[in-house]
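Every read-out reported here was derived from the displayed coordinates using simple, explicitly stated rules and does not represent laboratory data. Note that the structure is predicted; figures quoted are calculated from it, not measured. Here the Cβ positions follow ideal geometry from the backbone for every residue, glycine too, while neighbour counts run over all protein chains shown.
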C-alpha cells in the first residue's frame with residue numbers, strides 16, 4: 001500500500017518563526033513529530049511519503065501515487081487541513097485524519113473517511129487491519145491512556161532534516177495540574193507517562209544518526225510532571241550526551257515550580273538544557289486563582305524567572321489577558337512585569353476557550369461561547385464574550401503588544417536578560433554559511449532598514465564589550481524580535 005502523509009501549512013504566527021527562518025536559510029521551525037511517529041507504526045512493506053506544506057508544495061503526482069492519505073494538525077492549521085482534504089477527495093483517495101485538530105473537531109470534517117481520535121498507539125493496529133481488508137471504521141479511539149513503551153522511534157528518513165531549525169522529540173505525556181483554559185489534561189491525562197531511559201537514548205541516537213547537530217526541542221507540555229522519573233531520564237540523557245560529546249542543545253516546557261527543584265535544575269544544566277517555556281499567564285493573583293493556576297500563586301514570579309536565568313536557562317513566557325477578573329490595570333501591569341522579568345520571548349495572547357476544557361464548559365453554561373477558537377492566540381480574536389468591555393480589552397491588548405515588541409523596550413529587555421544570564425552550556429558549532437547569512441541579513445534588515453536600528457546597534461555594542469560570548473544569542477534574540485514585529489503588523 002502507498003501511504004501519503006500530509007502536514008498542513010501553518011499561518012504566520014508567534015511560534016512559527018516564519019520571518020526569522022529566512023535569516024538562517026531554514027524552511028520551517030519543526031518537522032511534524034506526530035506523523036513521523038505514526039509512519040513508524042505502519043507495516044514496513046508499505047511505501048510511505050511525507051509532504052510538509054511548510055517546506056514544500058503538494059503535487060498532484062503525490063496524491064495520484066497514494067492509495068491512502070494520512071493527515072494530522074493543530075487547530076491553527078484548520079483552514080489548510082480542510083483545503084488538503086477537499087483536494088485529496090477530488091482524486092477519490094481514502095483520507096485518515098488524527099491529531100489535536102481532528103480529536104477536538106472531527107464532526108466538522110464531513111469528507112474524512114476515518115478518524116483516529118486522541119492518542120494513536122492502541123488504535124493503529126486495528127486501523128491498519130481495516131485498511132488492508134477494506135472495511136475500516138469511521139472512528140478509532142481508545143479510552144485507555146497508552147503505555148509509551150509501545151511508541152516507536154519516529155521515521156526521520158521521510159524528511160530532509162536540513163529544512164528545519166530544530167528537531168522535536170517527546171519523552172512524556174500528561175500534566176498533574178488542571179488550569180481551566182488548558183486542554184492538556186483532556187488530551188493526555190493528569191498522570192504523566194514517560195518513556196524509558198532506553199527509549200529516550202534510542203531516539204537521541206536516531207536524531208544523531210541523521211547527522212543533525214543543534215537544537216532538540218522536547219515537546220512535553222510539562223517536562224517535570226513526574227519528579228522522580230524525570231530525574232532518572234535526565235541522568236540517562238547526561239550519560240548519552242557525555243558519550244557523544246554533547247551534540248545537542250535542549251529546550252522544553254515546564255512550570256515555574258522548576259525553580260523550586262534544585263536537583264532537577266542541576267541535572268538539566270548537565271544535560272545541556274538551554275531554554276524553557278514557562279506558562280506565567282498573569283501577574284495578577286486573582287487571575288491566577290480564577291483559572292486554577294495555583295502553582296504560580298503566592299510566589300515572586302520575577303524572582304523565580306531570574307533564578308532560572310541565573311542558572312543558565314533562557315525563560316520564554318506565555319501570558320494571557322481576557323480573564324473575567326482582569327481590569328484595565330492589567331495592561332500596564334503586564335508590560336511592567338514582562339520588562340522587569342527580562343523574558344525576551346514573551347507570548348501575550350488573548351484567552352481562548354478550547355473545546356471540552358473547564359473554561360469552555362463554564363462559558364457554554366453562561367451562553368458566552370460565540371465561535372470556535374482559531375488556535376492563534378495573537379490574532380485579536382475571541383471565541384467568547386468577555387466581561388471586560390470588548391473595545392477596552394482589544395485596545396489594552398494592542399497596547400501590550402505595541403509596547404513590549406517596540407524596538408526600544410524589546411532591546412532593553414534583551415539587555416536585562418543578558419545581565420542575569422549565566423551559563424556554561426556546550427554550544428553546537430553552527431555552520432559558517434549559516435552564521436554569515438544570519439549576520440549579514442540581521443545587519444541589513446535590523447541595523448539599516450528597521451526604524452529601531454539605533455537600539456539594535458546599541459544592544460549589540462553593549463553585548464560585545466560586556467557579554468561578548470553571548471553576542472550570537474543577542475543577535476538571535478534580535479532576529480526573533482523582527483519576526484514578532486512582522487507577525488503583529490499583519491494581525492491588526
Exercise for the section: Report the extension gain between residue 105 and residue 90 in nm, rounded to one decimal, defined as 0.36 nm multiplied by the number of residues separating them, less their alpha carbon distance. Expected result: 3.2 nm
Fill in the blank from the handout: Each label sits 7 Å from Cα toward the beta-carbon; between residue 464 and residue 371 the label points are separated, in nm, by 4.7
Handout entry: In degrees, nearest ten, helix 453-466 long axis to first principal axis of the chain (Cα)
Key = 80
Practice task
Give me the angle, in degrees from 0 to 90, between the Cα long axis of helix 197-209 and the longest principal axis of the Cα atoms of the chain, rounded to the nearest 10.
Solution key: 90
Fill in the blank from the handout: 1/(1 + (r/R0)^6) with r = Cβ-Cβ of residue 444 and residue 336, R0 = 45 Å, i.e. FRET efficiency to nearest 0.05, evaluates to 0.85
Problem - Convex hull volume per residue for the stretch 432-491, taking Cα atoms only, in Å³ - result: 79
Exercise for the section: Throw me the Rg/Rh for the stretch 165-294, computed over C-alpha atoms with Kirkwood Rh, two decimals. Expected result: 0.99
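Give, in nm to one decimal, the length gained when the segment between residue 163 and residue 46 is fully stretched (0.36 nm per residue of separation minus the Cα-Cα distance).
Numbers: separation 117, 0.36 × 117 = 42.12 nm, distance 2.50 nm.
So the extension gain works out to 39.6 nm.
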Handout entry: Value at 222 nm in deg cm²/dmol, rounded to 500, when DSSP H runs of n ≥ 4 in the chain each add -39,500 (n - 2.57)
Key = -12500 deg cm²/dmol
Practice task
Give the distance, in whole Å, between the Cα centre of the stretch 1-49 and the Cα centre of the stretch 386-452.
Solution key: 26
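For residue 190 and residue 227 in one chain, what is 0.36 nm times their gap in residues minus the Cα-Cα distance, to one decimal in nm? It would help to have the intermediate numbers written out before the result.
Values: separation 37, 0.36 × 37 = 13.32 nm, distance 1.41 nm.
Taking residue 190 through residue 227 to full extension adds about 11.9 nm, to one decimal.
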Exercise for the section: Calculate the length of the line joining the C-alpha centroid of the stretch 109-124 to that of the stretch 211-263, in whole Å. Expected result: 31
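Take every Cα pair under 8 Å in the chain that's 6+ residues apart, average their separations, divide by the length, and report that relative contact order as a whole percent.
Numbers: 856 pairs, mean separation 66.9, N = 492.
After rounding, I find 14 percent.
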Exercise for the section: Just grab the label-to-label distance for residue 290 and residue 266, each label 7 Å out from Cα along the Cβ direction, in nm (one decimal). Expected result: 4.1
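Take the Cβ-Cβ distance between residue 361 and residue 235 as r, set R0 to 41 Å, and report the resulting FRET efficiency rounded to the nearest 0.05.
Working: r = 41 Å, r/R0 = 0.99.
The pair residue 361/residue 235 has a calculated efficiency of 0.50.
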Fill in the blank from the handout: Read-out Cα Rg over 2.2 N^0.38 Å, candidates [x] 0.97; [y] 1.32; [z] 1.11; calculated match is [x]
Exercise for the section: Mind giving me the nanometre distance, one decimal, between the label points for residue 486 and residue 299, set 7 Å out from Cα along Cα→Cβ? Expected result: 3.6
Practice task
Report Rg(Cα)/(2.2 N^0.38 Å) for the stretch 2-141, keeping two decimals.
Solution key: 1.03
Problem - Cβ crowding within 10 Å averaged over residues, with 98-110, 62-74, 138-150 ranked highest first - result: 62-74, 98-110, 138-150
Fill in the blank from the handout: Longest principal axis of the chain (C-alpha) makes with the long axis of helix 78-89 (C-alpha) an angle, in degrees to the nearest 10, of 20
Completion exercise
With R₀ set to 35 angstrom, the calculated FRET efficiency between the beta-carbons of residue 432 and residue 59, to the nearest 0.05, is 0.55
